[in-house]
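So the structure is just underneath, and the comments pick up after that.
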Amino acid sequence: MPRLPSEAQARIVRQINLTLEGPVAEVMAQLVPELKKLPRRGVLQCVLDDPDLLDSCFKAFRANPERFRQLLVDKHDVPVEQADALLACGRSLDDVVAMVVRTCAKRHFRKRLDGDSRPLKGGERDAATANKGLLGKLMRLLSRPTPSKAAKRSRGEVLYDAMQEHLVHDWQVALVPEYSTLSPALVKRLGKRILDYKVPEDIRRLKENPAELPTPSTLPETIPSFLVPPAARAEPAKAGDKPKAAAAISGGTVPAPVHEVKGAAAPAPAAGGDRRARIADILTPDGKRLRSAAFTMILLDPVVRAELPNADQTVRITGLLAEVGGLSTKMLVGELGLRMDQLAVMTLVIYDLMGEEMFKRSFGIPGNLEYVSKYVERAKAAGIGQDTSLGEISAFVRKTFANAPRAAQ
């Protein structure tokens, strides 16, 4: 983006922040229920500090572009149709996305690598006032380090400096925690090739084997299509293609959920027609439990929510998935071939029927694998599999656990 005088840049940043924390946050709170529990003032800071929550917001934006159309206007109040067209704030949608992604990454790197959880200062928070008045000038003079004692760059800052120019897409927010494990030297060696690695497992493989760069996952064949970052799904640009629409938020549209299998809009199944949940993407890095953040958008799907108990308590039910143990998950997915939406419905309904204590004993960490195995055999006998509807799964679970013992809560 073009260089502007510091005061003009500060005004633009402030205007963008006010828009994000005001009109954008109001609409987003209707799409991402977690935002309703955050303070009205400071919601932007909370979201920028939480990569999982920010990722949910970006996904909600991509899935509901019409809800934000009145905010995507130029200085003449005319809706923009291209992601690189200037908005009223003086920046394009692509610029704003990159700005948000970079701020989130910088905060996470500082927190993870430096143990610094303080809000960012300067351009990212107080830029509009830092350069004004005699007080600001005095503060700059007083805080300016002497050449002989210049502050050493922290680990988080060094990593951010190496990666900054490659933090440009909204789908990268989901990879920020994994990015923080890479060395600045590896990031510099990769350069823009780091954008070829679009799933968490790829970044983990990079860290484990930096000497020999691994081949990026073949996304359409290795993970369900509705998990693929939009930029990775897009076909290569062809001569004469029109610029992308702003509503695509640097990524494109979100395909139909996996349970919608009618017509051409349905996602293409993986090789062999297998659409089961991919273990590497749904478990925490240590493999001990479900990674609840991986299910955020699944739990916003109306078809899924219709089968869930207490579906209005999105934050709570998302957190409950973290109680599901990794070994139980591998058994359910491996033996029954469950998709992500099926796995979410099955485990959450079981949790509701068994209660917290009994669920943790049976399906938690480490869980009772003999018990889970017996349940799996019963599910197989009932014909539960990858093509079973969510309603049938819910009905099977409710029948199976109708008389399940519950420990005292």
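The values are calculated or read from the model by the stated rules, or taken from the named source; none is laboratory data. Since the structure is predicted, the reported quantities are computational estimates derived from the model, not experimental observations. Don't worry about glycine lacking a Cβ; one is built from the backbone with ideal geometry, like all the others, and counts go over all protein chains shown. Calculation scope for accessible area: heavy atoms of the full protein, side chains included, ligands and nucleic acids excluded. Shrake-Rupley method; radii C 1.70, N 1.55, O 1.52, S 1.80 Å.
Data for the structure
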quantity	calculated
Single residue of Ser183, Ser217, Ser250 found to be modelled with pLDDT of 70 or more and among the polar types (S, T, N, Q)	Ser183
Unmet requirement for Gly337, which otherwise passes all of (1) out of contact with any helix residue (DSSP H, G or I) (no Cβ under 8 Å at 6 or more places or on another chain); (2) of a type in the set (Gly, Ala, Ser); (3) exposed (fewer than 15 other Cβ atoms within 10 Å of the Cβ)	(3)
Output for the range 203-217, where each listed residue is without any contact (Cβ under 8 Å) to a residue 60 or more places away in the chain, over 16 Å from the mean Cα position of the chain (by Cα) and either closer than 26 Å to Leu48 by Cα or open to solvent by less than 40 Å² (accessible area, probe 1.4 Å) (or both)	Leu206, Lys207, Pro214, Ser217
Qualifying positions in the range 168-194 - open to solvent by 10 Å² or more (accessible area, probe 1.4 Å), free of Cβ contacts under 8 Å to residues at least 60 places away in the same chain and closer than 22 Å to Met297 by Cβ	Glu178
Test: residue in the range 41-60 that is open to solvent by less than 30 Å² (accessible area, probe 1.4 Å) and outside any helix (DSSP H, G or I)	yes
Selection within the range 256-279 - at pLDDT 85 or above, aliphatic (A, V, I, L, M) and open to solvent by 30 Å² or more (accessible area, probe 1.4 Å)	Ile279
Arg102 vs. criteria open to solvent by 50 Å² or more (accessible area, probe 1.4 Å), assigned by the TED database to the domain that holds Gln9 and touching a residue at least 24 places away in the same chain (Cβ under 8 Å)	yes
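Let's see how each residue does on (1) within 28 Å of the chain's Cα centre (by Cα); (2) open to solvent by less than 10 Å² (accessible area, probe 1.4 Å); (3) of a type outside the set (Ser, Thr, Tyr):
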site	(1), (2), (3)
Glu307	yes, no, yes
Ile317	yes, yes, yes
Gly325	yes, yes, yes
Gln342	yes, yes, yes
Val349	yes, yes, yes
Ile384	no, no, yes
Asp387	yes, no, yes
